[in-house]
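The values are calculated or read from the model by the stated rules, or taken from the named source; none is laboratory data. Note that the coordinates shown come from a computational prediction; the quantities given were computed from them, not determined experimentally. Glycine gets a Cβ as well: all are built from the backbone with ideal geometry, and neighbour counts include every protein chain shown.
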Amino acid sequence: MIKASVGGGGKRMRKVHDSGHFDEEMKRAMSEAKNAFGNNQVFIEKFIQASKYVEVQIVGDHHGNYATLLEGDCSIQRRNQKVIEKAQCTFLPPIKRKEIKNLALKAPKIM
């Protein structure tokens, strides 16, 4: 998957199924990103078919205190855009929920 580095909402994403088409798709993705967002930077990530998309929101204050809110199941999408966010994730076992939330709390500390 080639994705625009700026923008969002699932826009300007290209799946590349065959390495023979990579250069062509990269040029197109960069051109589309430049036209849509004024920036041609892109990044590449692995496309995972039939995946689950889980979001964890965190809140913090100016004293460095952070907490997580309920994690959301954002797997119901249309055109790579979230349609429904269901919180709390019903498919996450408690141990995985705790692990994800602990990881989310580390993010602001390294930024």
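When the test is whether a residue is of a type in the set (Lys, Arg), in contact (Cβ under 8 Å) with a residue 40 or more places away in the chain, under 30 Å from Glu99 (Cα atoms) and outside any helix (DSSP H, G or I), Lys52 does not pass it. The residues of region 54-81 that are under 25 Å from Lys3 (Cα atoms), surrounded by fewer than 16 Cβ atoms within 10 Å (Cβ to Cβ) and not β-branched (Val, Ile, Thr), listed by number, are Gln57, Gln77, Arg78, Arg79, Asn80, Gln81. Is one or more of the residues making up region 66-87 without any contact (Cβ under 8 Å) to a residue 40 or more places away in the chain and not in a strand (DSSP E or B)? No, that holds for no residue.
For region 92-102, the condition of being touching a helix residue (DSSP H, G or I) at 6+ places or on another chain (Cβ under 7 Å), in a loop (DSSP other than H, G, I, E, B) and either without any contact (Cβ under 8 Å) to a residue 60 or more places away in the chain or surrounded by 10 or more Cβ atoms within 10 Å (Cβ to Cβ) (or both) holds for none of the residues.
Could you tell me whether region 1-21 includes any residue that is within 12 Å of the chain's Cα centre (by Cα), at pLDDT 85 or above and of a type in the set (Ser, Thr, Tyr)? Within region 1-21 (the criterion being within 12 Å of the chain's Cα centre (by Cα), at pLDDT 85 or above and of a type in the set (Ser, Thr, Tyr)), the answer is yes, since at least one residue qualifies.
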